[in-house]
Amino acid sequence: MRFSYQNHRWDQSSLRPSLFTDAIKLIISINFLIFILQYFSGIEDKLFTIFGIVPSKTFGELMLWQPFTYLFFHGGIWHVLINMFVLWMFGSELEKYWGKREFLRFFFVTGIGSGLVTVLFSLSSSTPVVGASGAIYGVLLAYGLMFPNRLVYLYFLIPIKVKYLVILIGTIAFFSSLNPGYSNISHLTHLSGMIIGFVYLRSNLSSNLNWNTINHFVIHRKNEIKRHYKDKKNEKREALKLKVDAVLDKINEKGYDSLSKSEREFLFTASKKLSQEEDKN
């Protein structure tokens, strides 16, 4: 899936993805470096069987490093480009709020965890699984919890709130993992990345990042948005009053007949609006 980021103009407390935060820069740099090396190595398939997840080998031949190393190998240029783009777009803001250490911990917990789940559910498989998608799906889940009403553009065209995007991709991953068929996409890895991310955030495995912290963050942001709307509304109301006062001053000086047609219409409409707002208050 491809996404385009949009930040609400009223959400002053939100952060746009910076050029590169520290952890994001580290992960992306390693992934691109390894992709270049694997591409020009001439033994790409062999590298996948050693460093990708091959479930029959991970425990069977004690290649226990695979649930870690598979995160840094990708099946093609578009695979690595899309994964790193999504990681940058959603992960950079999470890192700003969580810090480098906590973000890296979350990334590897979801990435390695989803890799282990993939192994356990397909112990006899000899097909390599590569890519950081398990961890990235975990990042998407976390972003949806922290910024549920943020808008993104799906395929750069369709506006959708992040919470609905997370539900959509989670549903697709769930049903696709039930019937993988001949797909070369490991939907189970995607789904398990989201589930592990949710469990991690719901638990107290992290001293400074848990469910209560996220709830507090979301409630705090909602209150900030409400205050911002209220302040904007008051500003507009005061500006309207000033314009009405200017028209009334003109009436005092020159009389009602001196008003133009547009001024009379404005005075009637504005007075009615201000009166309705006072009744509501």
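Couple of notes before you dig in:
- Computed from the Kirkwood radius of its Cα pairs, the Stokes-Einstein diffusion coefficient for the range 3-209 at 4 °C and 1.567 mPa s stands at 74 µm²/s.
- Cα gyration tensor, the range 63-102 - rounded (a/c under 1.5), prolate or oblate: oblate
- From least to most packed, judged by other beta carbons within 10 angstrom and beginning with the fewest, 58, 49, 269, 21 follow the order 269, 49, 21, 58.
- Ranked by the mean number of other Cβ atoms within 10 Å of their residues, highest first, the peptides 41-47, 145-151 come out as 145-151, 41-47.
- FRET efficiency for residue 242 and residue 101, using Cβ-Cβ distance with R0 set to 35 Å, rounded to 0.05: 0.10
- Cα gyration tensor, the range 116-183 - rounded (a/c under 1.5), prolate or oblate: prolate
- Near residue 132, no amide H atom lies under 5 Å from its own; only residues 5 or more places off or on other chains count, and H is placed 1.01 Å from N.
- With neighbour counts taken as other beta-carbon atoms within 10 Å, the residues 105, 202 rank, fewest first, as 202, 105.
- When peptides 133-140, 91-98 are ranked by their average number of other Cβ atoms within 10 Å per residue, the highest-first order is 133-140, 91-98.
The numbers here are math on the coordinates, done by the rules we state, and not lab data. This one's a predicted model, so the numbers in the text were calculated from it and none came from an experiment. Virtual Cβ from ideal backbone geometry, glycine too; neighbours counted across all protein chains shown.
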